[in-house]
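Engineer: This structure is in structure tokens; I'll ask about it shortly.
The values are calculated or read from the model by the stated rules, or taken from the named source; none is laboratory data. Because the structure is predicted, anything quoted here is derived from the model rather than measured. Here the Cβ positions follow ideal geometry from the backbone for every residue, glycine too, while neighbour counts run over all protein chains shown. Keep in mind that these areas ignore ligands, DNA and RNA; they rest on the heavy atoms of the full protein, side chains included. Shrake-Rupley method; radii C 1.70, N 1.55, O 1.52, S 1.80 Å.
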Amino acid sequence: MASGSQLEAIKRAKVLMVGAGGIGCELLKTLALSGFRDIYIIDMDTIEVSNLNRQFLFRQSHVGQSKAKVARDAVLKFRPHINITPCHANIKDPEFDVEFFKKFNVVLNGLDNLDARRHVNRLCLAAEVPLVESGTTGFLGQVTVHVKGKTECYECQPKPTPKTYPVCTITSTPSKFVHCIVWAKDLLFAKLFGDKNQENDLNVRSSDGTNSTNHTEDVFERRTDEDPEQYACKIYDHVFGYNIEVALTNEETWKSRNKPRPLYVRDVLPDNLIQQNGSLENSVTEESVVSSMSSLGLKNPQDIWSLSENSKIFLEALRLFIERRQKDIGNLTFDKDDQLAVEFVTAAANIRASSFGIPLHSLFEAKGIAGNIVHAVATTNAIIAGLIVIEAIKILQGDFENLRMTYCLEHPSRKMLLMPVQPFEANKSCYVCSETPLLLEINTRTSKLRDFVEKIVKNKLGMHSPLIMHGSTLIFEAGDGLEEDVVANYALILDKALAELPAPVTSGTVLTVEDLHQEFSCNINIKHREEFDEEKEPDGMVLAGWIAPTQKDARIVSNGESTSAAHPAVTEMVEKSDDVEIAREKPGTKRKLSEMSEMIDHVHDIKPCSSHDVGDQVHPQEVEDNDDDDDIVILDENPETRKKKRLQ
Amino acid sequence: MDGEELTEEETALYDRQIRVWGVDAQKRLSKAHILVRGLNGTAVEFCKNMVLAGIGSLTLMDDRSVTEDVLQSNFLIPPDEAYYSGRSLDELCCESLKDFNPMVRVSVEKGDLSQFDGEFFDKFDAVVLSCCSLKTKKAINEKCRRRPRRVAFYAIECRDSCGEIFVDLQKYTYIQVMSSYVAPCLDYILDCYKHGCLDTSDASKKSDGTAECQLNYPSLEEAISIAWRDLPRKVSKVYFAMRVIERFELSEGRNPGETSISDLPLILKMRKELCDAQSLGESYIPTSLLERILAAGGKEHPPVCAILGGVLGQEVIKAISGKGDPLKNFFYFDTADGKGIIEDMSNSSTS
């Protein structure tokens, strides 16, 4: 296998690795052992304690240092004579342009977010450099290959952007714990400790908004002479008591819902808590980490606290913020590594959950949800890194016929734990690698240019330095290196409605959006629409574009041959986290139609998760027995088109 | 599981993996003791994974000295002769592995494992063998099976671009999650997790519908004695190739991996004998596959080491934590087709 020509190709190769985290550490090690000699590695992160359980090139003493640099030094210890260039930088920096990408024979991604993945995809397309993309979460993982002109690009399949929730669900009618977390983190925490100038919907739920707003401004503003404990109690009573009472006055809302219960400190903590806190104060003064848990003697982050414990934590955490972290107040954003912030958000979410009859959660779980933490283990990363190197070697040898996407499964499917699939062909209507225009439905009279730039151009299309053209007229541009007066002018324009721009954007307008850095552009057809459903279309605009592909072959490979037609996976889940995270609905599972459709329902319906335990266990072996396993190819999760064919 | 809580340090270090397997599994891991005999690249990958996972202790046995082949797939030893000469492989690996996680005790055991009496194995929850002869594997497997408390047995073999894992958990009982949460629908799981409604705590899983499952594993001797015609259809070709090579090495008195392409004529003869005796068409064990394995000798392809070491790591974690469907009882990976396949080869499966 490791033939002479293979070794030559490996030795000569110049490889760009993006990411030196969970997959990155394993990948760099396996590349070095496999004989790679010229590796450029980019990572903007520094090392954290929670990395050390799997990012094995790092030690406790490295915490705080650049991942790329420490990873290089660690690998040079066992392969001293190879060339590894570390770069502590963001892959989206302009210095990493198309010319830079062209220097490499292959790009290997070990990234942790959709945004950077899309960016690298576009640069690889522009530079015509093959890309091996990867992701893991828990025991699941995948490796995909993207070669321009031969396979699909990373964006040929739609990628859901992170879930957003309708404002009213968060402010008034939470039904799941995650809603309480979002409320505690994005509204309450931001209101109390964040930038005072930021808009905040904390109080948008009363029928007569004006009255409530005036009242609340007074409440949240702490007078300089106000006792921190009294202030904390006042906030508690306001957000968990008064606000709920106000919400209850909107009787329409509660006709088909359970009414929440207003909570006040005097009811939840009838014993005088304030004295208790006072007596504990001294014990916490010299601790390095300010923590309400330790000052209250709660140790286990796995425990689910009672309502009164949560209330004590809430009051204590708020007091500690005021007394010990006064200088942070006003410019804090939630950080999952900020212990006191996690405690505050956990307690606030639990109190709100308690009020709405939603089950409470431990700090450990709340932290995972609030911080969008994706679970990660070393073994999966090691396996995925091995698979990346195998694909990279095929690319370097020009062996494009045998390229595979591989899925690492937790439960075997047709005896396979590692399932290779032939790469999909490019989606002919992909707005990234083909030139298909997108369609945007938007209210051109009320939507501002800012909404369009933020929600569509940056969030949905993943551009960073966009240029927006209406025919030959430049409407807007963003990015570094613009003149001050130009920037000022654009700032004014941003708050204009689309139809009121100097070059009005109305139904039928075609906008060209371009990112010069990514060498990527696309056209958007604008269609005016008056109304949007706040629940289903919280953005107030709908981008439709690439039609879900219909005629593509997804193949499982058997003995180098393959056949069968089916839809490729439609849904893909994206998470931001330490390591990775992309996992596509695994193809190739052989299931009965009824089960298939059930699975698909689950994918699109996130509501009944916790109660969702009805399905019978399906043993992989029992799913459907077939003698010709090796020769049968199946796919996929679209039941209508699921077919199987027999070779020979 | 009751008992001591994890320390704050452990909770911080293991945060991401506790989110995968839960606190109880982490506590069980921290009390587990594992023995690894034979430190080739694949075993080293496995050791790394175990030390990172936070097991209680890891005992290493391999008194060979460092060679080119060893260094080729080993990331624990700097290729500096002044550093490694005069020291055995287990000592060198031990020194390096200790550094990965100060909470895990890593040590070296000297002597010939096949001569150790059965009680020695009582100290361990799992025993992993690599680069051992078939005879040694069988003997140690039997010793493990005769212990009063279960000692999980694993044998791992990597020949360049393909490899094999054998698992013997004897009588194994574990908790199987019954909800469709285990249905292999990644998006669903991720979605639930992301939105906070996938509960990883034990309590919820139990109420969610779990079942106790029992599996009976055959010994290595029993498993490889099953007549080939009685095996499930379409067994991985690597299985047969490994049996041929193994038989060859045994009959020639060679150590595992002491082969070269010049052994091909004898190997083809061995293949014919075995295939005739087992009524299997010779073509089912492709000559090209045997050539590939022979030519590799003791060499390993590092990406394959990472994959096998990763899969074995997950299996040992499952066995120790009692969570998740364990592999029964062979696993194969071959870069030629890229598949990672589980084969169940026990008499019960063929009846």
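Rundown of residues vs (1) away from every other protein chain (no Cβ under 14 Å); (2) surrounded by 21 or more Cβ atoms within 10 Å (Cβ to Cβ); (3) within 19 Å of A:Val129 (Cβ to Cβ), yes/no style:
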{"residue": "A:Gln6", "(1), (2), (3)": "no, no, no"}
{"residue": "A:Ala9", "(1), (2), (3)": "yes, no, yes"}
{"residue": "A:Arg12", "(1), (2), (3)": "yes, no, yes"}
{"residue": "A:Val18", "(1), (2), (3)": "yes, yes, yes"}
{"residue": "A:Gly24", "(1), (2), (3)": "no, yes, yes"}
{"residue": "A:Ser34", "(1), (2), (3)": "no, yes, no"}
{"residue": "A:Glu48", "(1), (2), (3)": "no, no, no"}
{"residue": "A:Leu52", "(1), (2), (3)": "no, yes, no"}
{"residue": "A:Phe78", "(1), (2), (3)": "no, no, no"}
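Engineer: Quickly run through the range B:208-245 and pick out the residues that are within 10 Å of chain A (Cβ to nearest Cβ) and of a type in the set (D, E, K, R).
Structural biologist: B:Asp208, B:Arg233, B:Lys234, B:Lys237
Engineer: Could you tell me whether any residue of the range A:305-318 is over 25 Å from the mean Cα position of the chain (by Cα), small (Gly, Ala, Ser) and within 20 Å of A:Leu187 (Cα to Cα)?
Structural biologist: yes
Engineer: Tell me which of these A:Glu401 doesn't satisfy, since it passes every other one: (1) crowded, with 20+ Cβ neighbours inside 10 Å; (2) closer than 29 Å to A:Leu28 by Cβ.
Structural biologist: Going through the list (1) crowded, with 20+ Cβ neighbours inside 10 Å; (2) closer than 29 Å to A:Leu28 by Cβ, A:Glu401 breaks only (1).
Engineer: For the range A:392-426, how many residues meet the condition of being of a type in the set (Lys, Arg), on the phi < 0 side of the Ramachandran plot and in a loop (DSSP other than H, G, I, E, B)?
Structural biologist: Residues that pass the stated criteria total 1.
Engineer: Hey, another quick one. Only residues that are surrounded by 21 or more Cβ atoms within 10 Å (Cβ to Cβ) and more than 7 Å from chain A (Cβ to nearest Cβ): list them for the range B:299-317, please.
Structural biologist: Within the range B:299-317, B:Glu300, B:Cys305, B:Leu308, B:Leu312, B:Glu315, B:Val316, B:Ile317 qualify.
Engineer: Within the range B:58-98, which helices (runs of 4 or more DSSP H) (wholly inside it) include 1 or more residues that are touching a residue at least 24 places away in the same chain (Cβ under 8 Å)?
Structural biologist: B:68-72, B:89-98
Engineer: Let me ask something else. Is it fair to say A:Glu133 is open to solvent by less than 10 Å² (accessible area, probe 1.4 Å) and in a loop (DSSP other than H, G, I, E, B)?
Structural biologist: Considered against the rule, which asks whether it is open to solvent by less than 10 Å² (accessible area, probe 1.4 Å) and in a loop (DSSP other than H, G, I, E, B), A:Glu133 comes out as no.
Engineer: Could you please let me know if A:Ile456 is aliphatic (A, V, I, L, M) and in a strand (DSSP E or B)?
Structural biologist: Against the criterion (aliphatic (A, V, I, L, M) and in a strand (DSSP E or B)), A:Ile456 does not qualify.
Engineer: Now, a different point. Here are A:Leu296, A:Leu363: which of them is crowded, with 17+ Cβ neighbours inside 10 Å, of a type outside the set (S, T, N, Q) and over 20 Å from B:Ile18 (Cβ atoms)?
Structural biologist: Only one candidate qualifies: A:Leu296.
Engineer: Kindly establish whether A:Ala71 is open to solvent by less than 40 Å² (accessible area, probe 1.4 Å) and touching a helix residue (DSSP H, G or I) at 6+ places or on another chain (Cβ under 6 Å).
Structural biologist: Answer is yes for this residue.
Engineer: Here's another thing I want to ask about it. Step by step: first the residues of the range B:332-342, then only those that are at pLDDT 95 or above and more than 7 Å from every other protein chain (Cβ to nearest Cβ), then the one that is farthest from the chain's Cα centre (by Cα). Which residue is that?
Structural biologist: The residue in question is B:Asp334.
Engineer: I'm checking my understanding of the structure. Among residues of the range A:372-385 that are buried (at least 21 other Cβ atoms within 10 Å of the Cβ) and either touching a Cys at 6+ places or on another chain (Cβ under 7 Å) or more than 17 Å from B:Trp21 (Cβ to Cβ) (or both), which one is nearest to the other protein chains (Cβ to nearest Cβ)?
Structural biologist: A:Ile383
Engineer: Still on this structure, please answer the following. Among the hydroxyl-bearing types (Ser, Thr, Tyr) and open to solvent by less than 10 Å² (accessible area, probe 1.4 Å): is that true of A:Thr30 in this structure?
Structural biologist: yes
Engineer: Residue by residue through the range A:472-493, note down the ones that are in contact (Cβ under 8 Å) with a residue 40 or more places away in the chain and open to solvent by 40 Å² or more (accessible area, probe 1.4 Å).
Structural biologist: Selection gives A:Asp480 alone.
Engineer: If you don't mind, another one. Does the range B:90-106 contain at least one residue that is farther than 23 Å from A:Arg59 by Cα and either out of contact with any Gly (no Cβ under 7 Å at 6 or more places or on another chain) or within 14 Å of another protein chain (Cβ to nearest Cβ) (or both)?
Structural biologist: No, there is no match, as no residue in the range B:90-106 is farther than 23 Å from A:Arg59 by Cα and either out of contact with any Gly (no Cβ under 7 Å at 6 or more places or on another chain) or within 14 Å of another protein chain (Cβ to nearest Cβ) (or both).
Engineer: Residue by residue through the range A:501-536, note down the ones that are more than 23 Å from A:Gly481 (Cβ to Cβ) and of a type in the set (Phe, Trp, Tyr).
Structural biologist: A:Phe532
Engineer: Looking at the range A:366-382 only, could you name the residues that are in contact (Cβ under 8 Å) with a residue 60 or more places away in the chain and part of a loop (DSSP other than H, G, I, E, B)?
Structural biologist: Matches in the range A:366-382: A:Asn372, A:Ile373, A:Val374, A:His375, A:Ala376, A:Val377.
Engineer: Would you be able to tell me the number of residues in the range A:229-251 that are open to solvent by 20 Å² or more (accessible area, probe 1.4 Å) and assigned to a helix (DSSP H, G or I)?
Structural biologist: Within the range A:229-251, residues that are open to solvent by 20 Å² or more (accessible area, probe 1.4 Å) and assigned to a helix (DSSP H, G or I) number 10.
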